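Each value in this text was obtained by applying a stated rule to the coordinates, not by laboratory testing. Keep in mind that this is a model prediction, so the values were computed, not measured. Reconstructed Cβ throughout: ideal geometry from the backbone, glycine too, with neighbour counts over all protein chains shown.
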Amino acid sequence: MELLGPYRDSGLENPPYLIRRGAAVLQVSRLLHVVAEGVIDLRDYDEVAVATSARIGRRFSADDVRFLVEEKLIPAGIVAAAGTADRDPPPPAAEDRLLGLRFRQTLLQPESVNEAARPLCWLFQPVVVTAILAIVIGFDAWLFGVHGVKAALDQVIRQPGLLTFLLVLGWLSTFFHELGHAAGCRYSGARPGAIGAGIYLIWPVLCTNVTDAYRLGRVGRLRTDLGGVYFNAVFIVVLAGVFAVTGYEPLVAAVLVQHFMILDQLMPWVRLDGHYLVSDLTGVPDILDRVRPALRSLIPGRPSAPELRALRPASRRLLFGYLGSLVIFVAAACVMTIVQGPTLLASTWDSLPSHVDALEHAVGMWDLPVAVLVIMQIGLLATPVIGFVLTLAFAASILLKRRASKLANA
């Protein structure tokens with residue numbers, strides 16, 4: 001457990017204080033932060049009460065401190081109860097976050113992530129960043145203005161085996177993207193956590209735990225947010241260099257894929273890099289978590305939620321502007337899902353037998369490249385369907401738990 005102090009450059013009237021517990025960073029009030037600091041440094045509740053009263057400017061008794069410790073700090077795992085100091089803290093509550101990541105599994109432990117990120121930190125030096133961005137801008141101007149991408153796309157269409165090449169490069173760049181977040185976090189003075197995988201909406205994704213970046217100021221947090229797409233830009237520079245030497249046209253298609261990956265990551269309406277970028281620009285931690293109270297506050301006769309009253313006026317206006325754009329995005333996504341979903345599922349189901357036949361033929365002919373390509377195509381067809389089913393099952397379980405909780409309380 002580590003006391004991190006106030007959340008810097010906050011968009012809240014009273015910035016929260018941060019306490020790191022293992023891989024999680026908890027937001028608490030200044031009072032709880034001061035009490036936790038006192039419990040660590042002092043011996044008994046009377047001393048903590050005196051120190052807390054001096055820091056906060058209000059009188060607190062030993063009983064007040066005991067109440068805060070027993071009812072707030074111990075349940076949160078910030079302070080250990082008597083006789084339990086050698087036990088693990090309670091696990092964090094199961095997440096029920098709007099558009100959250102599900103079924104997370106660790107792939108690379110924090111120690112390995114830090115070792116991999118350390119030699120990459122030099123890429124964030126200002127002169128290197130300037131050079132990388134200048135090369136990308138120059139190469140894009142030549143590629144889209146002079147050379148074009150038609151020849152590369154035609155070659156990929158004529159040789160479907162090249163899709164395997166593009167997919168492998170895409171997977172490598174995705175992992176490199178996550179290392180970009182880790183390296184940006186480390187360069188800024190925080191310590192990245194594990195790299196893992198999970199299901200986001202309907203797709204499998206990689207993710208990097210950079211919650212320690214909350215200890216940083218706005219610039220450090222933004223560097224961490226943009227580290228992933230910046231490493232996509234570094235990947236483009238590498239591809240451009242290899243293309244300049246070899247003239248291999250499919251590399252142009254790989255560059256095009258990287259640009260689409262960057263645009264996808266910068267969408268602010270789902271928990272991708274763009275969402276965290278908006279959160280840190282506005283100083284509102286995890287802005288999507290305030291969408292529900294903002295929607296409820298629009299119901300006539302409903303009072304403004306505490307989550308909204310805590311925001312500064314400028315941050316509140318930005319939140320409602322963000323909410324408006326989110327409603328438009330969700331409505332468009334729902335319409336597309338309703339209209340295209342059944343057709344997509346039907347075409348996926350109808351195409352599976354032909355892919356299985358193609359796989360059997362490739363195996364029978366000992367054609368390994370084609371067999372690998374067909375397996376990857378089957379995976380791409382099945383993945384969104386499996387992810388969709390798992391997401392629906394998870395949403396149904398959440399609704400059932402809420403219903404059971406309401407019935408129990410009633």
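What is the P(r) of region 164-213, as percent of Cα-Cα pairs per 5 Å bin from 0?
Bin by bin from 0 Å, the calculated values are 5, 21, 24, 22, 16, 8, 4, 1.
So what is the diffusion coefficient of region 175-265 in µm² per second by Stokes-Einstein at 10 °C and 1.306 mPa s, using a Kirkwood Rh over Cα pairs? Don't skip to the end; give the middle numbers.
On the way: Rh = 14.1 Å.
Rounded, D is 112 µm²/s.
Local charge sum around L277 (other residues, Cβ-Cβ under 10 Å, Lys/Arg +1, Asp/Glu -1)?
-2
With charges set only on the Cβ (+1 for Lys and Arg, -1 for Asp and Glu), what does the dipole of region 2-73 come to about its Cα centre, in debye to the nearest 20? Don't jump to the answer; show the numbers that get you there.
Numbers: 10 positive and 12 negative charges, 41 e Å.
Around 200 debye, computed over region 2-73.
Let me know the Kirkwood hydrodynamic radius for region 131-174, please, with Cα pairs as the basis and the value in Å to one decimal.
Over region 131-174, the inverse of the mean reciprocal pair distance is 12.1 Å.
Work out the FRET efficiency for L295 and V127 from their Cβ-Cβ distance, taking R0 = 41 Å, and round it to the nearest 0.05. It would help to have the intermediate numbers written out before the result.
Numbers: r = 46 Å, r/R0 = 1.11.
With a Förster radius of 41 Å, E is 0.35.
Using the Cα centre as the reference, give the magnitude of the dipole from point charges on the C-beta atoms of region 114-194 (Lys, Arg: +1; Asp, Glu: -1; all else neutral), rounded to the nearest 20 debye.
For this selection, approximately 100 debye.
Bins of 5 Å, beginning at zero and ending with the bin holding the largest distance: percent of Cα pairs per bin for region 216-340, please.
2, 10, 15, 15, 15, 13, 11, 8, 5, 3, 2, 1, 0, 0
Tell me which of A116, L143, A182 sits at the most positive position along the dipole axis of region 100-231, charges placed on C-beta atoms (Lys, Arg +1; Asp, Glu -1).
A182
Give me the Kirkwood hydrodynamic radius of region 198-238 in Å, from all C-alpha pairs, to one decimal place?
Over region 198-238, the inverse of the mean reciprocal pair distance is 12.0 Å.
What is the calculated FRET efficiency for D41 to V330, with r their C-beta to C-beta distance and R₀ = 45 Å, to the nearest 0.05?
For R0 = 45 Å, the calculated efficiency reads 0.40.
Could you work out the mean projected area of the convex hull around the alpha carbons of region 102-283, in square nanometres to one decimal? Could you put the intermediate results ahead of the total?
Numbers: hull surface 44.9 nm².
Orientation-averaged projected area of the Cα hull: 11.2 nm².
Pull up all non-local amide H partners of G5: gap of 5 or more, or a different chain, and H-to-H distance under 5 Å with H placed in the peptide plane.
Residues meeting the criterion, in which the H sits 1.01 Å from N, are L18.
So for region 2-73, considering every pair of alpha-carbon atoms, how many percent are separated by more than 21 Å?
For region 2-73, the share of Cα pairs beyond 21 Å comes to 26 percent.
State the Cα centre-to-centre distance between region 17-68 and region 104-125 in whole Å.
What the calculation gives is 34 Å, centre to centre.
So for region 102-283, averaging the separation of alpha carbon pairs under 8 Å that are six or more residues apart and normalising by length, what relative contact order in percent results?
26
Please report the net charge: other residues with Cβ closer than 13 Å to the Cβ of L226, K and R +1, D and E -1.
Once all neighbours under 13 Å are counted, the net charge is 0.
Would you tally the net charge around F243, using a Cβ to Cβ cut-off of less than 14 Å, leaving F243 out, and scoring K and R as +1, D and E as -1?
Neighbour charge sum, excluding F243 itself: -2.
Can you find, among L281, T246, T130, the residue farthest towards the positive end of the dipole of region 102-283? Put +1 on the C-beta of Lys and Arg, -1 on that of Asp and Glu.
L281
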